């Protein structure tokens, strides 16, 4: 087995025992990035020099016994909306094309303390607004399982990078399914923890009451170890929660006897691809055979989740993105007459179409005369959805559902119909609205060979039950990455790799702006 086929925890063990050096692992990842990027476009910034320098430092600490955790020396990637001191952080938007933060996100600092080696930043939908990673200013990411299809979004770059073995794990952010849906499309494991479990300090906000950072990896074991490393109370984040049960790896047991799993009938009706339905129900049968109690139930108000989510998310986005005006940092239009025209031109030229659409929608629902009719009503609907989940968790430990109504669509298909793209989030957004944890685990493929992922949803602070169920299911299968990973061995190296680590304002431009 090559280094690249190892999971993050497996690699960490080999590094600890001296079978593999940190530099060897980092170099293997960098070589894979050079082979894969012309086809996949999962990275927008690669810090080759910094990663190799960091590998040397981490190896010395491991040798001295200073780093003993399971992730020490393991190469990782970050979604491009996580701030990193001295390294470009652009949210894949023209308006932040030259932004180099002066500080590092708290979650990233925790990874670095655990011995992680950061390879670079991954592609994403601009400001995390999208479900396909096609709205990026630097070109779309392609699904490694089939290059004609999207990887999902907005964390599509992170999921594609893990799927094609460019890194051993990555961090993403999840506002309405942005970790879980692309994980399903790319055949990897993605974890959105309970809101407040991971500090949002240093995460460039889309919807502040919805955003949560989480891991993307090859299996549940990796996700549990990564979440254990990044979960903490942070006084710098007013939404951070002090928890005493962050030992998530303790839940990695192959035992689900007596675990009550609910399957919402509302999620398996019209609009769900029959192949996805049958695969998810097949996964439920696996857990039933292992001793879990699996029952169907009615989860009301599902159809109201999408409109409530997009009203709230767009309202928060219009507020959060008002700071990007060309004054203090980022893009400023070269042609303007006065302050007003500078604001107008900089924002008009700097933001892409999807971001503008959501800013305008958010401004509309917050405007005088419409606030009560839309925003207040959405907040009331959110409270009703929370009540429905509370009732469900009185009877069940875990809810099992699809992560998406279908497998990955073809490139360009979703952008032609934004409303249809929004409806694709129907199974994931409710967890964000009410702050619940969610885990996506690969469970099969469709007739075209595209991955299907099952989603496990738990009550607040019940991540361990999701880990337990996901791990038990995983024992019945072996992780298999996309066949394309082997085909890339003959690919032409990407000439841009290595030129993106400058902190002087240059960015790795692929696909144009």
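All of the numbers you see were taken from the coordinates with simple rules; none came from a lab. Everything numeric here is computed off the predicted structure, so don't read it as measured data. Because the Cβ atoms are built from the backbone with ideal geometry, glycine has one as well, and the counts that use them run over all protein chains shown.
What list of whole percents do you get for P(r) of the chain, with Cα-Cα distances grouped in 10 Å bins up to the one holding the largest distance? So the P(r) values, bin by bin, are 4, 21, 32, 27, 12, 3, 0, 0. When each of the peptides 30-39, 84-93 is scored by the mean number of other C-beta atoms lying within 10 Å of its residues, the order from highest to lowest reads 84-93, 30-39.
Note on 354, 296: ascending count of other Cβ atoms within 10 Å places them as 296, 354, the fewest first.
Under the shape rule built on the C-alpha gyration tensor, where the axes satisfy a ≥ b ≥ c, the stretch 197-309 is oblate, since a/c reaches at least 1.5 while a/b does not exceed b/c. Dimensions of the stretch 1-124 along the principal axes, based on C-alpha atoms and rounded to the nearest Å, stand at 46, 32, 21, largest first. Based on the Kirkwood radius over alpha-carbon pairs, what value in µm²/s does the Stokes-Einstein equation return for the translational diffusion coefficient of the stretch 59-209 at 37 °C and 0.692 mPa s? Diffusion coefficient, whole number: 212 µm²/s. Of interest is the spacing of the C-alpha centroids, which for the stretch 11-44 and the stretch 201-241 amounts to 24 Å. Per-peptide packing, taken as the mean over residues of other Cβ atoms within 10 Å, places 102-109, 206-213, 385-392 in the sequence 206-213, 102-109, 385-392 from highest down. Take 251-262, 119-130 and order them by the average number of nearby Cβ atoms within 10 Å per residue, most first; the result is 119-130, 251-262. Could you state the number of Å between the C-alpha centres of the stretch 276-329 and the stretch 343-404? Using only Cα atoms, the two centres lie 11 Å from each other. Can you give the % of DSSP beta bridges in the chain that are antiparallel, to the nearest 5? About 70 percent, rounded to the nearest 5.
In terms of surrounding Cβ atoms within a 10 Å radius of their Cβ, 346, 447 rank from fewest to most as 447, 346.
Rounded, prolate or oblate for the stretch 243-299? Axes are the square roots of the Cα gyration tensor eigenvalues, ordered a ≥ b ≥ c, and the cut-off for rounded is a/c under 1.5. Here the stretch 243-299 falls in the prolate category. Among 49, 24, 474, the ranking by other beta carbons within 10 Å of each residue's beta carbon, starting with the fewest, stands as 49, 24, 474.
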